[in-house]
Structure formats: C-alpha cells, structure tokens
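Peer 1: Below are the structure tokens for one structure; questions will follow.
The values are calculated or read from the model by the stated rules, or taken from the named source; none is laboratory data. Please read all numbers here as calculations on a predicted model, not as lab measurements. Neighbour counts run over all protein chains shown; Cβ positions are idealised from the backbone, glycine included.
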C-alpha cells in the first residue's frame, strides 16, 4: 500500500525529494486530530471552509483563525490549512497562491497542510498539488488525499498523508498507539484504486456533465455561480439569506446546503452537490426550467 501511494504521489502529484506517506482512517479524522497530535497552539483555516478545520482547532484547544486566500497577509501560527479545490466553493488555488503558502510556512517555521481531496476533479481549472512546488524540500509541508472522493469509496475510510518525513513520523508514533490503523482489506482496496485512473476519469466526466446541466438552470432562476471550477459542488447565490435560498429550492424538491455552515462569509450562498444520480440531477434541472419567471 505504501509503495502504491508513493508511486501515485510521484506520478500524479509531481512530488519530488524526500517524503513519507501515512494511511488514514478517512480524511476527516486526520483533519480533526492532527492539531492535537502535533500539539499546536494556533491554527489558520480558510474563511469559507470545511468546518472540521475549525473543530480540529477546538479539540486541540488551539486558537483558530479564519483567513483569506493571500498567505502574505496571514498572521503567525503553528499550522495553516489550505484547501484546493475548495469545499464548498470549488475554487482552485493558483501556482502563485500555493507558492505563497509555502513561503509563509518557511518564513514562520510553521506547518502548512494542503487538503487536496478533490484534486482529480478539475473542470474549468486544473488543480495542482502543493507538493509540486516544494522544490524537493518538503519540510513542514503535508498534503492530504481521500479515496472517498477520488474513487467513490465513501464508507471504506481510506485516505492518506504525503509529505515531510519527520512530521509524518511524529504523527505515526501517536496514531499507532491510538489504534488509528487501516485494516488489511481496506489496504488492498486502496492499492487497487490507486493502480487505476480510468474510473476517476469516468467519474470526473459525470460530475462535470452534471455541473454543465445544473449551471444554466440555476442561473435561469436568478442564481449567480461563483468559482465552482472543480470538485463536487456548485457554489451560488441569489443575493439573499442562504436559508431563503434553501427554502425556495426545497419547495421544488431540491435540497441544498446553507453556506453559513462553512463560515459567516457564506451566509448568502448555498452549496449544491453534484453527487446525486444523473436521473435526480435531470429532475432538478427540469423543475428549475419549469419555474415561471416574473
């Protein structure tokens, strides 16, 4: 399994230099527990983000601070999260933004962790791993990946860390005593998944086709699509409270997630998932297209 992860990291992510890998019982538990395992006192995370970054800081009794994309404006902290493609927005970090995050980590002697769980689901932008820009020096840099997303293996609890060998050694020493070990059947499944890319290409095409179908239908009824360049979601707004948008869509039998779940700055947006079946996506499009516009 470790050999499969290392090979995939070199071939797919462009990882170079010395690095180690660590299998995880899903990515969520790692996001939640790494701040505690590394005994950090302060954590930065995106201002619109997966809420477990903040919860992980709370569990660690660390100070959590939401920050913007530009790492040049970040305060000093022990650890920072970046997320590209973003959940929920589908925003993809540029090469300059990832390099800026690395520069911040080196300047502050801090840890940068890039959550790249949606990396292989690009659409109008091509996501890149932070490991591609480390210049073969992975000190204080980690990337996290999940087969729940890449290979539709939700429920297997199959994910992994890649990066700084010293950091991964520290994390491994704690995790093995805490019983955080991936079972052998799941290890075999991970090897099989990482050894094939055709299923990922097929699933990427499905998600992007669903995005292309839903986008004009949502725009027709007044939603503005923001970012949504990659990943499994559409991030959109009708310039009203997220709960108003959620309720309006619910009247059509369409479920969406209120943006405030991902931070205060998301309170006028909703996240529309592309994980429903093609049939259900088509039904949602049909309902939106039948709405009478004033």
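Peer 1: Can you name the condition, by its number, that residue 86 falls short on among (1) under 16 Å from residue 13 (Cβ atoms); (2) touching a strand residue (DSSP E or B) at 6+ places or on another chain (Cβ under 8 Å)?
Peer 2: Unmet condition: (1).
Peer 1: Take residue 203 and decide whether it is in the same structural domain as residue 44 (by TED's automatic domain parsing) and touching a residue at least 12 places away in the same chain (Cβ under 8 Å).
Peer 2: Working: in the same structural domain as residue 44 (by TED's automatic domain parsing): no; touching a residue at least 12 places away in the same chain (Cβ under 8 Å): yes.
For residue 203, the condition - in the same structural domain as residue 44 (by TED's automatic domain parsing) and touching a residue at least 12 places away in the same chain (Cβ under 8 Å) - is not met.
This table checks each residue for (1) in contact with a strand residue (DSSP E or B) (Cβ under 7 Å, 6 or more places away or on another chain); (2) not assigned by TED's automatic domain parsing to the domain that holds residue 221; (3) not in a loop (DSSP other than H, G, I, E, B).
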position	(1), (2), (3)
247	no, no, yes
254	no, no, no
260	no, no, yes
265	no, no, yes
272	yes, no, yes
279	no, no, yes
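Peer 1: Kindly provide the set of residues from region 225-236 that are buried (at least 20 other Cβ atoms within 10 Å of the Cβ) and part of a strand (DSSP E or B), ordered by number.
Peer 2: Selection gives 230, 233, 234, 235, 236.
Peer 1: Just to check your reading of the model, which residue among 157, 175, 170 is farther than 11 Å from residue 21 by Cα, out of contact with any helix residue (DSSP H, G or I) (no Cβ under 6 Å at 6 or more places or on another chain) and assigned to a loop (DSSP other than H, G, I, E, B)? Step through it out loud before you land on a result.
Peer 2: Details: 175 fails: assigned to a loop (DSSP other than H, G, I, E, B); 170 fails: assigned to a loop (DSSP other than H, G, I, E, B).
After applying the criteria, what remains is 157.
Peer 1: Further question: Might you check whether a residue that is surrounded by 24 or more Cβ atoms within 10 Å (Cβ to Cβ) and farther than 30 Å from residue 198 by Cα occurs anywhere in region 13-29?
Peer 2: no
Peer 1: Tell me whether region 178-186 contains one or more residues that are touching a helix residue (DSSP H, G or I) at 6+ places or on another chain (Cβ under 9 Å) and within 17 Å of residue 118 (Cα to Cα).
Peer 2: Checking region 178-186: not a single residue is touching a helix residue (DSSP H, G or I) at 6+ places or on another chain (Cβ under 9 Å) and within 17 Å of residue 118 (Cα to Cα).
Peer 1: Can residue 143 be described as assigned by TED's automatic domain parsing to the domain that holds residue 26, in contact (Cβ under 8 Å) with a residue 40 or more places away in the chain and in a strand (DSSP E or B)? Give the steps one after another, and end with the answer.
Peer 2: Working: assigned by TED's automatic domain parsing to the domain that holds residue 26: yes; in contact (Cβ under 8 Å) with a residue 40 or more places away in the chain: yes; in a strand (DSSP E or B): yes.
For residue 143, the condition - assigned by TED's automatic domain parsing to the domain that holds residue 26, in contact (Cβ under 8 Å) with a residue 40 or more places away in the chain and in a strand (DSSP E or B) - is met.
Peer 1: Would you confirm, using the coordinates I've provided, whether residue 123 is touching a strand residue (DSSP E or B) at 6+ places or on another chain (Cβ under 6 Å) and outside the structural domain of residue 228 (by TED's automatic domain parsing)? Spell out the reasoning first.
Peer 2: Details: touching a strand residue (DSSP E or B) at 6+ places or on another chain (Cβ under 6 Å): yes; outside the structural domain of residue 228 (by TED's automatic domain parsing): yes.
So residue 123 passes the test.
Each row is one residue, and each column tells you yes or no for (1) farther than 26 Å from residue 37 by Cα; (2) surrounded by 24 or more Cβ atoms within 10 Å (Cβ to Cβ); (3) in contact with a strand residue (DSSP E or B) (Cβ under 8 Å, 6 or more places away or on another chain).
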{"site": "130", "(1), (2), (3)": "no, yes, yes"}
{"site": "135", "(1), (2), (3)": "yes, no, no"}
{"site": "139", "(1), (2), (3)": "no, no, no"}
{"site": "142", "(1), (2), (3)": "no, yes, yes"}
{"site": "162", "(1), (2), (3)": "no, yes, yes"}
{"site": "165", "(1), (2), (3)": "no, no, yes"}
{"site": "168", "(1), (2), (3)": "no, no, yes"}
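Peer 1: Also: Which of the residues belonging to region 210-224 are in contact (Cβ under 8 Å) with a residue 12 or more places away in the chain and either in a loop (DSSP other than H, G, I, E, B) or out of contact with any strand residue (DSSP E or B) (no Cβ under 7 Å at 6 or more places or on another chain) (or both)? Walk me through it before giving the result.
Peer 2: From region 210-224, those in contact (Cβ under 8 Å) with a residue 12 or more places away in the chain are 210-211, 213-215, 217-218, 220-224; that's our starting set.
The answer is 210, 213, 217, 220, 221, 222, 223.
Peer 1: Go through (1) without any contact (Cβ under 8 Å) to a residue 24 or more places away in the chain; (2) under 28 Å from residue 29 (Cα atoms) one by one and return the number of the condition residue 156 breaks.
Peer 2: (1) is the only condition that residue 156 fails.
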